[in-house]
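Since the structure comes first, as structure tokens, the remarks are kept for the end.
The values are calculated or read from the model by the stated rules, or taken from the named source; none is laboratory data. This one's a predicted model, so the numbers in the text were calculated from it and none came from an experiment. We place every Cβ from the backbone using ideal geometry, glycine too, and count neighbours over all the protein chains shown. For accessibility, only protein heavy atoms count, side chains too; no ligands or nucleic acids. Shrake-Rupley method; radii C 1.70, N 1.55, O 1.52, S 1.80 Å.
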Amino acid sequence: MKICFFGSSLVSSYWNGAATYYRGMLKQIAALGHDITFFEPDAFERQAHRDIADPDWARVVVYPATTEGWRGALDVAARSADMLIKASGVGVFDSELELAVAALPSRTVRIYWDVDAPATLEAMAGDPEHHLRRAISSYDMVLTYGGGDGVVSAYRAIGARDCVPIYNALDPETHFPSPPKPGFACDLSLLANRLPDREQRVERFFLDVARELPDKTFVLGGSGWETKDTASNIRKIGHVGTGEHNAFFGSGLATLNVNRDSMARYGFSPPTRVFEAIGAGACLITDQWDGIDHFLEPGREVLVAANGAEAASHLDALSIDRAAAIASRARARILSHHTYRHRANQFNQIFVGSSSRIEAAE
């Protein structure tokens, strides 16, 4: 099957948290025999911050971030694709692309792949005239990278023919234990760009914890924190490229996951960082959200904190031996059940099923 995919970027993780998900999913989908072309706009300086070369398992088409650019790219894709996928959050001309893909002839299977379903659904809930309310019923299927039954029900309520979560996962060829680096050494690390709908949770679960535990050391990676006032025991190191992620996650006693507000509310939305960190051999502390036990067993494979005080308590009581045991059990669980090979097989099964339903509807 020839698949044309419109997303933010496959070759750059710069201000692009979906890059790991795209790479892991599409590499394994290609391994099943599908032909992948990834269309991405030349926007947000991502091409100047590439962190991988064009992969051998996908063709990458970079188009100008203009009206003419997206229209030309879509015309090329529509003439050749068996399946055309529009991902959320391309970053430029999203609404135009989503309406245009929905209007394509039905001979092409049209998929809307929402890589931030909680945020998309909250935007639609607050806007009765949101363009996706008109477009979504024309797509053959909605796929999401998280959200569970809450997301599925919400998408069906606005007219989606079907909606299936394909969760984030681990690519063990990319994220694996590596030697620690002194520059990342700490008691607790966090890798997260500074975003408005996550900043307050970062303050509660990380910045306040550092103030409460002045004898512990903390490393904060990610863009946008340079101007944030923080305790003196936090080292802010800015953007961390994907090539450094394994060392970043593996150099501290533990690493922290903090979900964005909307993801925490919907639950069942583990970000890529969860799987990256565990793949790199880290002991993970996460904020609490519904569905964490679907992926990891609290207390044995992950430490779950309902608030900053619990995060501080977990860290203060954590020994090197216990952190290593938690990390080892978590990695074994993820390798057994939550790799991108598992997700690609799910994608294949969904497509076979959706094809049957599409043919029956026609």
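At a glance:
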quantity: Per residue accessible area of the chain, 1.4 Å probe, in Å²; calculated: 40 Å²
quantity: Amide H contacts of W225 (H built 1.01 Å from N, under 5 Å, at least 5 apart or other chain); calculated: R194
quantity: Ellipsoid equivalent to region 211-274 - semi-axes via the Cα gyration tensor, in Å; calculated: 21, 16, 13
quantity: Simple label model, 7 Å out from Cα along Cβ direction - D42 to A231, nm; calculated: 4.7 nm
quantity: Trypsin sites (Lys or Arg not before Pro) restricted to DSSP loop in region 241-331 with at most 12 other C-beta within 10 Å; calculated: R300
quantity: Dipole magnitude (debye, nearest 20) for the chain, charges at Cβ of Lys, Arg, Asp, Glu; calculated: 520 debye
quantity: Cα-based Kirkwood hydrodynamic radius, region 1-131, one decimal, Å; calculated: 15.0 Å
quantity: Relative contact order %, the chain, counting alpha carbon pairs below 8 Å whose residues are six or more apart; calculated: 15 percent
quantity: Candidate lysines for bridging to K2, where Cα separation is under 24 Å - those fewer than 8 sequence places away on the same chain excluded; calculated: K27, K86
quantity: Of all DSSP beta bridges in region 214-352, antiparallel share, percent nearest 5; calculated: 0 percent
quantity: Within region 132-152: backbone nitrogen closer than 17 Å to the S95 label point (7 Å, Cα to C-beta); calculated: 132-137
quantity: Rel. contact order, % - alpha carbon contacts under 8 angstrom, at least six apart, region 209-362; calculated: 18 percent
quantity: J(HN,Hα) series, region 3-16, from Karplus relation 6.51 cos²θ - 1.76 cosθ + 1.60, nearest Hz, glycine and proline x; calculated: 10, 10, 10, 9, x, 5, 6, 8, 9, 9, 9, 5, 6, 8
quantity: Evaluated over region 112-204, the Cα radius of gyration and Dmax, each in Å; calculated: 18.0, 53
quantity: Carbon/sulfur fraction of accessible area - region 1-113, other protein chains in place, 1.4 Å, %; calculated: 53 percent
quantity: Protein accessible area in region 179-299, 1.4 Å probe - carbon and sulfur %; calculated: 48 percent
quantity: Principal-axis tilt of helix 67-80 within the chain, Cα atoms, nearest 10 degrees; calculated: 70 degrees
quantity: E173 - accessible surface, heavy atoms, 1.4 Å probe, Å² rounded to 10; calculated: 130 Å²
quantity: Global form of region 165-279, assessed from the alpha-carbon gyration tensor, a/c cut-off 1.5; calculated: oblate
quantity: Estimated 222 nm signal from helices in the chain, with DSSP H stretches of n ≥ 4 weighted -39500 (n - 2.57), rounded to 500; calculated: -11500 deg cm²/dmol
quantity: Modelled FRET efficiency - R0 56 Å, A317 with A103, Cβ distances, 0.05 increments; calculated: 0.45
quantity: nm² value of the averaged projected area, convex hull over the Cα atoms of the chain; calculated: 17.2 nm²
